[in-house]
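Worksheet: one structure, shown below.
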Ligand code: AMP
Ligand code: MG
């Protein structure tokens, strides 16, 4: 298959491909997604195929505005509307109760039944809903007239793509088209908040921080799988959490502690003979001559760190390093999302200094 590269002006073409059951790489503010018509089970199945994604890992549905929630969800708590008002369009996915597939109650519009096929939710009775803050992305959804089911556009297990180049690296030849929407502004996937339980539970940290959510909702529980590996037989609330994620080819070692101490620890332990790479804060860029180095941004700039993290991991693969040492921020604000992705990329191989 030849993958077409579409310009931002070709939103209509992207929407046509989606409506006719094809796969399109779509830019969002978080990461590039691999989108298909969320109401078309065959199209959605081909997402899993292109990514090599396990069938039990559900997808997020992308909608252009909160009013679409009522088509696909039921028992929507009041807090959802407040969250939508404050954080949508934006990097927040809300897990809600999915409308049941009862043919007699089905509403049918010109775009098909307002029923989400089971393949989207991996058979769960809940569904993840998001309204993205990227003009091109919302324009594609609106032109298609259907919710777009989209996971991140990487091959399963790899770091998510944050540019059209990264997207093509994984998906060229496997999907119909990619729309070039520039570099993603957030750089890590959306915050996932489960609103089917009380108190609401954070399943994945992202561009909307835990602090912001607590500020608005009061109590918000932190899912344990965010900061530690899942134990034997433990069932994670977000099925995706049990898989190795965000991983470059080389093993990653995360070093935590004050930036100066973690930088020094890495320097002491870099092997002169082994092809070690380093992911570090800008302040330490010059510390590791002779080794491939990717900078994440300044020690205090967690937004920049999030923006650059996945590309840094991919760049390490390109340099062909045998092992990656990475500095880690603390978990305040956006730091929690960065820490979570780094820890997972490292398979929780963490050194505290
Ligand atoms: P991705 O877009 O590739 O980051 O994948 C979507 C993420 O959302 C995965 O980690 C899924 O496990 C999670 N997710 C999607 N739908 C649900 C749901 N209904 N309940 C819990 N987690 C979900
Ligand atoms: Mg993903």
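Data for the structure
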{"read-out": "Kirkwood Rh (inverse of mean 1/r, distinct Cα pairs), the chain, angstrom", "value": "20.6"}
{"read-out": "Cα centroid separation, the range 168-186 to the range 313-353 (Å)", "value": "24"}
{"read-out": "Residue 274-residue 4 FRET efficiency (beta carbon distance; Förster radius 30 Å; 0.05 resolution)", "value": "0.10"}
{"read-out": "Crossing angle, helix 78-87 versus the chain [Cα axis fit, 0-90 degrees, rounded to tens]", "value": "60"}
{"read-out": "The chain: calculated mean residue ellipticity at 222 nm from DSSP helix runs of at least 4, using -39500 (n - 2.57)", "value": "-8500 deg cm²/dmol"}
{"read-out": "Between the range 263-289 and the range 236-256, the Cα center-to-center distance that results, in Å", "value": "22"}
{"read-out": "On Cα atoms only, tilt of 335-345 relative to the major axis of the chain in degrees", "value": "80"}
{"read-out": "Relative packing of 80-91, 19-30, 57-68, 282-293, which averages over residues the other C-beta atoms within 10 Å, highest first", "value": "19-30, 57-68, 80-91, 282-293"}
{"read-out": "Overall Cα dimensions of the range 203-325, principal axis frame, Å, largest first", "value": "48, 33, 24"}
{"read-out": "Along principal axes, Cα extents of the range 288-335, largest first, whole Å", "value": "32, 19, 14"}
{"read-out": "Degrees separating the helix 302-319 axis from the principal Cα axis of the chain, which is the longest one", "value": "70"}
{"read-out": "Paramagnetic reach from residue 221 (point 7 Å along Cα→Cβ, amide N under 13 Å) across the range 187-212", "value": "194-203"}
{"read-out": "Extended-chain gain in nm, criterion 0.36 nm per residue less alpha-carbon gap, residue 16 and residue 82", "value": "20.4 nm"}
{"read-out": "P(r) tail fraction, the range 202-273 - alpha-carbon pairs more than 13 Å apart, %", "value": "77"}
{"read-out": "Cα principal axis extents for the range 126-174, largest first, Å", "value": "28, 27, 20"}
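Throughout, read-outs are computed from the coordinates displayed, never taken from laboratory work. Predicted, not measured: the structure shown is a model, and the values here were computed from it. Because the Cβ atoms are built from the backbone with ideal geometry, glycine has one as well, and the counts that use them run over all protein chains shown.
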